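Here is the structure we will look at, set down as structure tokens.
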Amino acid sequence: MVAPMPGSSWPSGFFEAATALLGNRFTRDSDVLEAYGRDWTKVFTAAPSAVAFTETTDEVAALLKLCHSFDVAVVPSGGRTGLAGGAVAAHGEVVLSLERMRRIDPVDPLARTVRCQAGAVTAAVHEHCAEAGLTWPVDFASAGQSQIGGNIATNAGGVRVVRYGLTRQWVLGLEVVTMAGDVLQLNGDLEKNNTGFDLRQLFIGSEGTLGIITAATLKLAPLPGASRVALLAVQDLRAGLSVFLSARQQVGFELLAFEYLTDECLQLVLKELGTPHPLPSPAPAYVLVEIEIPTATESEAAEAWLGELFERELVVDGVLGASVAQSEELWAYRERISETLSKTGFLHKNDVSVPVRRLADFVDDMHAEFTQRYPHFDIYFFGHVGDGNLHVNVMKPAEMPQADFLEQCHGTDQVLFELINRHRGSISAEHGIGLLKKEFLGYSRGPIELALFRSIKRAFDPKGLLNPGKVFDFAPGDHS
Ligand SMILES: Cc1cc2nc3c(=O)[nH]c(=O)nc-3n(C[C@H](O)[C@H](O)[C@H](O)COP(=O)(O)OP(=O)(O)OC[C@H]3O[C@@H](n4cnc5c(N)ncnc54)[C@H](O)[C@@H]3O)c2cc1C
């Protein structure tokens, strides 16, 4: 439900000025407020005062200038697939949706770049670039809805990080509008530019707290060649990581993805899909491996490696996708986990990382702590383990009231983050901090770092009007 009309407390003249700028693209329609006031987390109450649909960078600049002069807070909104509450407007803010700014320019094959507006949908960029044999190699299950601006603002990761790295590595230039309405062109289309601080990098991963990204020049990679996908049964995460080490030590082929899922996760997805188990008998866990095999030589090397895994008894069983359709089916087992878990019950999610060499010890410690302290909770975990990244999901027992569950999850978070701290990890690997993990940021960032965060915020948004309350709290007069 949308809370009652927070915009009624706007300074006089603001509504008229915003409407004069955007016409009916500045709306207070209650269905629009409800839809655009929240993201995928769905745990926060949507209470925006209006939603603005800009179509040009000039309009973004004019709207921000207006909000700045009237002291009205703004929440940037992309595809709203975020999992940390970063795009939630819960306190009467104006939501600025970039969805009408989705132009994608022709690919530049010489520079291997593409320029697009921030509202371009990630999958649309993939399709556009594929025609030129190139790809923006940031990819995940929500790519059909997420936007380039949102991907950049969250420094998104995904299933190809093990091969290509994070979004940060694939952004050449940014156009950003500050809260005062200044338009910054950061790094243009330059590969090389050593002229002082690289402000572009500050905006990547800033979760909409420093400026609105309106356009970007993206770096592109050659589209990967043919690939094979295998689902390999393993005894546990430690065995899965031995498979990863073995893959890393091979020279004949490249890994495109290396994912981990437990049998509990797979069983839920199979039930949802109504399909039988892909293996004759279930194993405790699985790794999903995608290997690039552009030529017969790589294909032979990959097959020899898979055979060796069985000989060394690192894997106990497995299935190799024999066709594109079968490979997609294997991928669906991994990619549908998030959605299926959300449909199954009420979840408390975490997205953590530790150095990959510490991952197995971290998971052993986590199991020991959770079994001792929270034996009544079912924990589902899976993730991009090649990057040291695990998604840890706690399912609410059916009979437990939601409020009690959330209170107990506060405790599970503390246990988890103490462990993360001990294993020198991060409380948010790729989803960001937003509203959801703000309280725990101190487990990953020290007091001096947080003071520097506030100094940077003050430099770009001294009044604290842009995505207020996200990532860390900031008060305009606060010089701590
Ligand atoms: C099924 C599923 C699977 C997912 N898998 C992954 C995964 O594997 N890896 C991963 O990293 N994430 C994953 N996500 C999370 C999410 O899809 C990413 O964080 C994505 O990058 C968010 O993009 P968005 O456009 O939806 O942003 P939104 O949710 O709209 O916004 C995210 C943040 O960016 C800010 N923002 C949005 N647009 C702009 C802009 N133009 N300028 C400034 N700030 C802006 C918002 O204010 C907010 O703080 C998954 C989500 C789902 C639902």
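Remark on ALA50: its backbone amide H falls under 5 Å from those of VAL95, a criterion applied only to residues 5 or more positions apart or on other chains, H modelled at 1.01 Å from N. Straight-line reach only, C-alpha to C-alpha below 17 angstrom: list the lysines that LYS219 could link to, leaving out same-chain residues fewer than 8 apart. Leaving aside lysines fewer than 8 places away in the same chain, those within reach of LYS219 are LYS192.
Rounded if a/c is under 1.5, else prolate if a/b beats b/c, else oblate: with a ≥ b ≥ c from the C-alpha gyration tensor eigenvalues square-rooted, which is the range 148-239?
Working: a/c = 2.87, a/b = 2.05, b/c = 1.40.
Prolate, because a/c is 1.5 or more and a/b exceeds b/c.
Cross-link partners of LYS437 among lysines, defined as those whose alpha carbon lies under 21 angstrom from its own and excluding same-chain residues fewer than eight positions apart: LYS42, LYS349, LYS396, LYS457, LYS470.
In order along the range 339-353, phi translates into HN-Hα couplings of 4, 5, 4, 5, 6, 6, x, 8, 10, 10, 9, 9, 9, 10, 9 Hz, rounded to whole numbers, per the Karplus curve 6.51 cos²θ - 1.76 cosθ + 1.60 with θ = phi - 60° and x for Gly and Pro.
Can you tell me how the range 346-434 classifies by the Cα gyration tensor, rounded, prolate or oblate, using a/c under 1.5 as the rounded cut?
Working: a/c = 1.95, a/b = 1.60, b/c = 1.22.
Taking the square roots of the gyration eigenvalues as a ≥ b ≥ c, the range 346-434 is prolate.
Placing a label point 7 Å from the Cα of SER323 along the Cα-to-Cβ direction, no residue of the range 223-247 has its backbone N under 14 Å from that point.
In this simple spin-label approximation, THR195 and GLU407 carry label points 7 Å from Cα along the Cα→Cβ vector, and these lie 5.8 nm apart. Considering helices alone, the calculated mean residue ellipticity of the chain at 222 nm is -10500 deg cm²/dmol, with DSSP H runs of length four and up weighted by -39500 (n - 2.57) and normalised per residue. For the chain, the fraction of C-alpha pairs more than 35 angstrom apart is 35%.
Between ALA475 and THR297, the FRET efficiency from the beta-carbon distance, with R0 = 60 Å, is close to 0.45. Shape class of the range 43-156 from the Cα gyration tensor (axes a ≥ b ≥ c, square roots of the eigenvalues): oblate, since a/c reaches 1.5 or more and a/b does not exceed b/c. Packing order of peptides 334-344, 81-91, highest average first: 81-91, 334-344 (average count of other Cβ atoms within 10 Å over each peptide's residues).
Which order do the peptides 132-138, 412-418 take when ranked by the mean count of other beta-carbon atoms within 10 Å per residue, highest first? Working shown, then result.
Working: 132-138: 21.7, 412-418: 18.4.
Top of the packing list down: 132-138, 412-418.
Once you reduce the range 146-220 and the range 298-345 to the center of their Cα atoms, the two points are 33 Å from each other.
What is the range 310-389's relative contact order, in percent, from Cα pairs under 8 angstrom and six or more apart in sequence?
On the way: 24 pairs, mean separation 24.3, N = 80.
Here the relative contact order equals 30 percent.
Treating r as the C-beta distance of PHE310 and ALA124 and R0 as 35 Å, the FRET efficiency rounds to 0.30. Computed extension gain for ILE456 through GLU55, at 0.36 nm per residue and net of the alpha carbon distance, reaches 141.5 nm.
Taken together, the values in this text are just the output of simple stated rules run on the coordinates, not laboratory data. What you are looking at is a predicted structure, and each value in this text was computed from that prediction instead of being measured. Every residue, glycine as well, gets a Cβ built from its backbone with ideal geometry; the counts of neighbours run over all protein chains shown.
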